[in-house]
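Right, one structure below, let's go through it.
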Amino acid sequence: MARKQRFPFLVGSQWTAQQKTLGWRHFRVVTRKNQGKLVFAELVAACDEQVRLWVNAESLRDRDLWQPGWQPLQAIADGEAAETD
């Protein structure tokens, strides 16, 4: 029996960092790597293909760090302003 793959739709997904990461906020997943029980995702900045980073895919579930999809920057700024009120 085949094991269920963790994070099956990871490659091709889009993410918005809550804080600038390597100078950017919008990323897409281009590669995944399984290492034992861990799954890693290679993220590439949407506006600069040279900016790449690997993250533990589990960290993408942390909404304090990442939001699914490409969120408008105004929505991020509004969220930050609401937190400081």
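Considering only residues that are touching a Lys or Arg at 6+ places or on another chain (Cβ under 7 Å) and of a type in the set (D, E), which ones fall in segment 1-53? Result: E42, single match. F27 fulfils the conditions (1) modelled with pLDDT of 95 or more; (2) of a type outside the set (V, I, T); (3) assigned to a loop (DSSP other than H, G, I, E, B) except for a single criterion, (3). Count of segment 11-25 residues, restricted to those that are surrounded by fewer than 17 Cβ atoms within 10 Å (Cβ to Cβ), under 14 Å from A41 (Cβ atoms) and more than 9 Å from the chain's Cα centre (by Cα), is 2.
The values are calculated or read from the model by the stated rules, or taken from the named source; none is laboratory data. What you see is a predicted model; the values in this text were computed from it and never measured. Counting neighbours? That spans all protein chains shown, and the Cβs are built from the backbone with ideal geometry, glycine included.
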